[in-house]
Every structure is written in C-alpha cells, then in structure tokens.
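> For reference, the structure I am asking about is given below.
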Amino acid sequence: MRYLEEKIVKILMICSILAVLGSLLFILFITISRGWISINENPGIIFTTPGPRYLLGGEGGFFHAIAGSLYMVVPSTIISLILACLIALFLQSEYSSKRISEIIRLFIDILWGTPSIIYGLFVLTILISFHRRGCLLAGIVALIFLELPIITRYVDESISSTPKELKEIAYSMGLTRVEVSKIILKYSSSGIIAGSLIGLGRAFGDAASIIFTTGAASTMPKGLLSSCTALPVVIFQQANSFYPSVRDHAYAAAFILIIIILILSITSRLLQKKFSKYTVGD
Amino acid sequence: MKVKGRSKKVGNRLSFRLVKDNISRKIMIVCTSIIFLLFISFVVLLVLKSNLVISKYSIKELLFSSFWEPENHKYGFFSATFGTFIVTVFSMIMAIPISILAAVYIAEYSPNKLRRYLSSFIDVLAGIPSVVFGLCMLLGFVPIFSVLLKKWFQIETTGMCLFTASITLTVMVFPIIVSLTVESLRALPVELREISLSLGSTKWQMIKKTLFKAAGPGIISAILLGFGRALGETMAVAMVIGSKNNIPTSLFASGQTLPSLIISSFGEMMSVPEEQSALIFVALTLFVLVTVSNIIAKVVNNKLKKRWRY
C-alpha cells in the first residue's frame, strides 16, 4: 500500500516538475524566439528613438526606453546600496538593542511585501502636491524606495552571518566600531553584491512604480527634471497596441529585458565567486 | 616633555577616531529612520489624499458597492476587491501543490548534478520581470485559449479573463516558491532523513511526516512570499484580465483587481481630483490588505517555528 503511494506521489512529482519547467520554458521560448525574429527583421529598433506616432504604428525604435531604464536604475541602485549598508550595519548588536533591530526588521519585511504600485502612487501624490509632472528624478526616488528593503534584507542577512570571532578579534585590537564595520563589509562583500544585483534586476523589471512617476514620454531623457520612460512601461504600452507591428516590437523589447536580466544573474554568480576570496574558511 | 607630547598626539588620534565613530553612528540612525519615515508617510499621505472621497461617501459604500462609474460619481470598487480575492486564491490553489511537489523532487529525488542545474535555472527564472509574463500570456496564450474554450466548452470569451490572470500569476510564483522551498529542504540535517528511513518508512513517508514539519516554517514563508507577490502584482494582471468593472459571472469572464483598477484608470486620474482621491483610497485598501497579511504571516511563522522545532 505504501509502496503504491510512493509510486503515485513520484508520478505526481514528475508531472508537477514538468508543469513548472514547461510553463517557464514556454515563456522563455516565446520571448526569445519571437524577439529574435523581430530584432532580426529590423535591428535598428534597438538603437533608434521613436518617431512622433510610434505607438500608433509609426516608425522608430525604443532606444529611449533602454536609456531611460539605465538612467533610472543605476543611480537608484547605488544610492539604495549605500543606504542599505548603513541600515544593515546599524542593525548589528553594537549599535542598537535586539528589540529595536527586531522592530526595524519587521518594518523592512512589510516594505518588502508592499506592491510596487503603491510606491509609484506615493511618489505621484508627492509630485502632485508640488504641482509637477512626472520626471526622471521621481522615477529614481520611487525605485530607491522599491529597492531599499530588498537590498537591506540581503545585506543584513550576509552581515549577520559573519563569524563572531572576527568581530571579537577586531575589537581586541582596539578598533572602533566604524573600523570593525569596514572589515565586516569587506568580509560579506559577496553577499552584498548578490543582494544589490537582485535589487537591480527587480528595478529593471518593474513597471508599476515607474509608469506613475516618470510620465511615459517618447523622447530621450534630457535631464533630472524631464520626463522619460522605461523598458517595462514601453512593453506594457506596446502590448496593448492595436497594431501588429508595434506588438512585435514588444517582443523585441522583452527580449532585451530578458537578456539584461540573464546577464545580471550570471554576473552576480561570477562576482560572488570572485569576492568570496575575502571570506575566510568556507 | 617629549613623552607628554607624544601621548597628546596619540590621544588626539584616538579622539579623532572616536569622533568619526560617533558621526557615523548618527548617519546610520538617520538612514534607519528613513525606513520608519517611509512607512509612516505612506499611511499618512494615503489617508490624507483619500480623505476627500471618504468624507463625501461612506467607507461602507466605497468598499461594498460595485459600481465604479466616475462619470456618475460612483466609486464602489467591491468588484475589484472580489476579483483580487478570486484571482489570488485560485492561483495559489494551483501553485502551492505543484510547486511544492516539484521542489520535493528537486531537493530529494533528483540526482546531484541535475539538482544543481535545475535549482540554478529556477533561481535565474525568479528574476524574470512580470511584464514579460504578461506579454507572453497576452500574445501567446490568450488567442489559443479563447479558440479552445469555444471549441470544447462552447464558451464565448475574448480569452482575457480571471482564469488567464490566475494562470499568469501561478506561473509567476512558481520559481519563487520552488526555489525557497528547495532551499529550506536542503538546509535540514542528513541525520533527520537517516533516522526516519532507518525506522522503516518509505521515502515519501519520511518526507511527509518528518521533512515537511521540520522545514514547515520555511515552506510557509515561501508560500506567503508568493502570495504577497500574487496579491500586489500589477502589470501582468492588468494585461490579461480584461479590465471590466463588474462582478465577474464566471471564471472565464473579464474582471478587475485592485492594482489593475488603479493602472487602467490612471489616464483620467490626473484631471479629476475626486477620482484621483478614490483611486488613492483603492491603493490604501491594497496597502492595508498586504500589510495585514504580512503581519499575520510573520506571527504565524514565529509560532510555527516554536512548535515545529526539531
């Protein structure tokens, strides 16, 4: 009887792993093949900016979105990485008591779970009260809010896993807390890099917070206060278009997006290996 | 004299280091308070901005009537709340058993090499943006699905319906739940498995009776993380759900979720202050829903950790 159960469960398991892999491969396959076709037909769409009637089937490409994504994601990741390191160091026992750290961690978890659309609306309401339209700066701010809890949690996890002995030795040499913190940061650098690249990936793929804050423009971003757009937002607009040619461009944009995400996750693996030399033992 | 001078110098250097220490501590406190400020200002700003609509209409009317007609000044979004509930629950019903069984297969049954490939593949997939899921479902799945439905069940739909939205969410949360569950299963000590097997249980019995309990908190937090993602997912859902503001009659009818309601009414939002305030009230509802479910998750997780400790 129990052997029968074993067999049934095993069959179910194989079915379910096939379902998981099949559905994910379906997504990957569709995006990559269709995107490849549409890029091959017209490779220029990656490098040209859109014409005035682009979303209505006019000519042009979506280079403005790629540029906008980069302009928004890179600064916001750097800023939130710095903030995250400082917050995670503060959560250590040297700076704050255990109870306060617990409460802060709870808040970080809550903010992690908050949907990105709420960050977008939040920044939008601030913008409205200043009587401004969407701009690049607002997009950066929204992305900082989005990434901060994610990166903080990863940094916190990797900092808390440093061995106690390291800290004790460092303090016994007469170092102050900042100096010890520097050592800890170096020790856990591989975890920090992994966390910040995960945050970067999330920011690249997030449309809901950007669509409210940057004001979906069809021009190249010109400055901090000019409006711009991002790759996921453009995919969303293209996919809802009535024109088949524009919808094909959506696949091309999604292809670029997936390639960026894949490159990020491969770099994160390589960097982790490279930085693990600072990790003693292991 | 000389000795004194040197000691003064050393003292200076130390005090400089201490000053640096103090300053950095203050900077850290400021940064940490950002987290609190962010949370508090979320709540305050959302409440303030939705005040306009709350004061005009009763909260009960807003929450429980299902007539979203901004042109007639009706802002009941019960259909969106209902749609969110249906879509999330349905997608979790599909996702939980499949992804846990898949995770068990990866963690316990598959050979070592295959496991490494599978788990890193799924980790990579967890980073795919939701827009891509929405796009593939909208352009790849919806047309086929509507034809199939018509052929087999004689149901007329556009294919953009609650069911498609839940399938999209299911596929989206697969990698999240699978990778976290595999992680928490692999973190268990080997002795646990050995003891259970030496008592004569089969492998599945061992997994069912021992590992699921020992890894319980990890698995549950994986499920809840997936649940949170499904609840707040905006773009993918907005692309495939069809955006109709009435209570859906069947699973194959178009509907609306809270985030997709916000996105699809976004265009008019800047111009009409009343609708803007109503949409912010929708966001507030979403925020409260997500926060409450997060806190419940945390509490349940802590309780289970105490109870299922091995």
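> Put simply, what bits of segment B:130-151 lose 30 Å² or more of accessible area when the other protein chains are there, versus the chain on its own (1.4 Å probe)?
Hits at the 30 Å² cut-off: B:VAL131, B:VAL132, B:PHE133, B:LEU135, B:CYS136, B:LEU139.
> List for segment A:112-145: residues with 50 Å² or greater reduction in accessible area, all protein chains versus chain alone, probe 1.4 Å?
Residues passing the criterion (a loss of at least 50 Å², heavy atoms only) are A:PRO115, A:ILE117, A:ILE118, A:LEU121, A:PHE122, A:THR125, A:ILE128.
> Give the peptides B:234-240, A:118-124, B:36-42 in descending order of average Cβ contacts within 10 Å, highest first. Walk me through the numbers before you get to the answer.
Details: B:234-240: 29.9, A:118-124: 27.6, B:36-42: 14.7.
Ranking the peptides B:234-240, A:118-124, B:36-42 by packing returns B:234-240, A:118-124, B:36-42.
> Please build a GNM for chain B, connecting alpha carbons under 10 Å apart, and tell me which residue among B:LEU258, B:LEU46, B:LEU101 fluctuates the most.
B:LEU101
> How large, in percent, is the carbon and sulfur part of the accessible surface of the protein assembly as shown at a probe radius of 1.4 Å? Intermediate values should be presented prior to the final figure.
Details: 18810 of 27800 Å².
Carbon with sulfur: 68 percent of the solvent-accessible area.
> When the helices in chain B are scored as -39500 (n - 2.57) per DSSP H run of 4 or longer and the sum is shared across all residues, what 222 nm value do you end up with, to the nearest 500 deg cm²/dmol? Mind showing how you got there, number by number?
Details: 14 runs with 228 residues, N = 310.
About -24500 deg cm²/dmol.
> Please report how far the C-alpha centroid of segment A:156-224 lies from that of segment A:62-99, rounded to the nearest whole angstrom.
5 Å
> Follow-up question, since we're still on this one. If only Cα atoms are counted, what is the Rg of segment B:70-220, and what is its Dmax, in Å?
Over segment B:70-220's Cα set, Rg and Dmax evaluate to 20.2, 71 Å.
> Could you work out the helix-only [θ] at 222 nm for chain A, with each DSSP H run of four or more residues adding -39,500 (n - 2.57) and the total divided by the number of residues, to the nearest 500 deg cm²/dmol? Before the final figure, lay out the partial values.
Numbers: 11 runs with 207 residues, N = 282.
The per-residue figure over chain A is -25000 deg cm²/dmol.
> Relative contact order (percent) for chain B, with alpha-carbon contacts under 8 angstrom and 6 or more residues of separation?
Values: 334 pairs, mean separation 77.6, N = 310.
After rounding, I find 25 percent.
> Hey, what's segment A:44-278 come to in accessible area per residue, 1.4 Å probe, Å²? Intermediate results must be reported in sequence, preceding the final value.
Working: 9710 Å² over 235 residues.
For segment A:44-278, the solvent-accessible area averages 41 Å² per residue.
> Of A:LYS182/A:LYS274; A:LYS277/B:LYS26; B:LYS208/B:LYS306; A:LYS98/B:LYS208; A:LYS98/B:LYS303; A:LYS277/B:LYS298, which pairs sit farther than 30 Å apart, going by alpha carbon to alpha carbon? Spell out each step's value before the answer.
Numbers: A:LYS182/A:LYS274 19 Å; A:LYS277/B:LYS26 32 Å; B:LYS208/B:LYS306 19 Å; A:LYS98/B:LYS208 36 Å; A:LYS98/B:LYS303 19 Å; A:LYS277/B:LYS298 35 Å.
Flagged as over cut-off: A:LYS277/B:LYS26; A:LYS98/B:LYS208; A:LYS277/B:LYS298.
> Hey, another quick one. Averaged over its residues, how many other protein chain Cβ atoms are within 10 Å of peptide B:118-124's Cβ atoms?
Working: counts 3, 0, 2, 4, 4, 3, 10.
Taking all residues of B:118-124 together, the mean is 4.
> How big is the shadow of the Cα convex hull of segment B:218-268, averaged over all directions, in nm²? Please list the in-between numbers first.
On the way: hull surface 17.1 nm².
Projected area, direction-averaged: 4.3 nm².
> Provide, in order from the shortest bin, the percent of all Cα-Cα pairs of the protein assembly as shown in each 20 Å bin, continuing until the bin that contains the maximum pair distance.
18, 51, 26, 4, 0, 0
> Ok, one more. Calculate the mean, over all residues of peptide A:23-35, of how many other protein chain Cβ atoms lie within 10 angstrom of the residue's Cβ. Don't skip to the end; give the middle numbers.
Working: counts 10, 12, 2, 5, 12, 6, 2, 7, 7, 0, 0, 4, 2.
Other-chain Cβ atoms within 10 Å of each residue's Cβ, averaged: 5.
> With a 10 Å radius around each residue's Cβ, average the other Cβ atoms per peptide and rank A:77-83, B:187-193, highest first.
Numbers: A:77-83: 19.1, B:187-193: 12.3.
Output ranking for A:77-83, B:187-193: A:77-83, B:187-193.
> Considering the dipole of segment A:96-180 built from charges on the beta carbon (Lys and Arg +1, Asp and Glu -1) around the Cα centre, which of A:LEU166, A:VAL155, A:GLY120 is farthest to its positive end?
A:GLY120
> Please give every one of the aspartates and glutamates within straight-line cross-link reach of B:LYS305, meaning a C-alpha to C-alpha distance under 18 Å, and leave out same-chain neighbours fewer than 8 residues apart.
A:GLU102, A:ASP109, B:GLU183
> Cross-link candidates for B:LYS74: which lysines have Cα within less than 16 Å, leaving aside residues fewer than 8 places away along the same chain?
Here the lysines satisfying the reach criterion relative to B:LYS74 are B:LYS56, B:LYS60, B:LYS244.
> Before anything else, pin down the relative contact order of segment B:177-298: Cα pairs under 8 Å, at least 6 apart, normalised by residue count, whole percent.
Numbers: 86 pairs, mean separation 25.4, N = 122.
After rounding, I find 21 percent.
> For q = 0.19, 0.21, 0.22 Å⁻¹, what log10 I(q)/I(0) does segment B:134-281 give under the Debye formula with an equal point scatterer on each alpha carbon and no solvent?
So the normalised log intensities work out to -1.05, -1.17, -1.23.
> Another question, then. Residues of A:244-253, mean number of Cβ from any other protein chain within 10 Å of their own Cβ, rounded to a whole number?
Details: counts 1, 0, 0, 3, 1, 0, 5, 5, 0, 3.
Counting other chains' Cβ atoms within 10 Å and averaging over A:244-253 gives 2.
> Highest GNM mean-square fluctuation, chain B, Cα pairs closer than 10 Å: which of B:CYS161, B:CYS31, B:CYS136?
Taking springs between Cα atoms under 10 Å, the residue moving most is B:CYS31.
The values are calculated or read from the model by the stated rules, or taken from the named source; none is laboratory data. As the structure is a prediction and not an experimental result, all values here were calculated from the model. Cβ coordinates were reconstructed from backbone atoms using ideal geometry, including for glycine residues, and neighbour counts include every protein chain displayed. The area values use the complete protein model at the heavy-atom level, side chains included, leaving out ligands, DNA and RNA. Shrake-Rupley method; radii C 1.70, N 1.55, O 1.52, S 1.80 Å.
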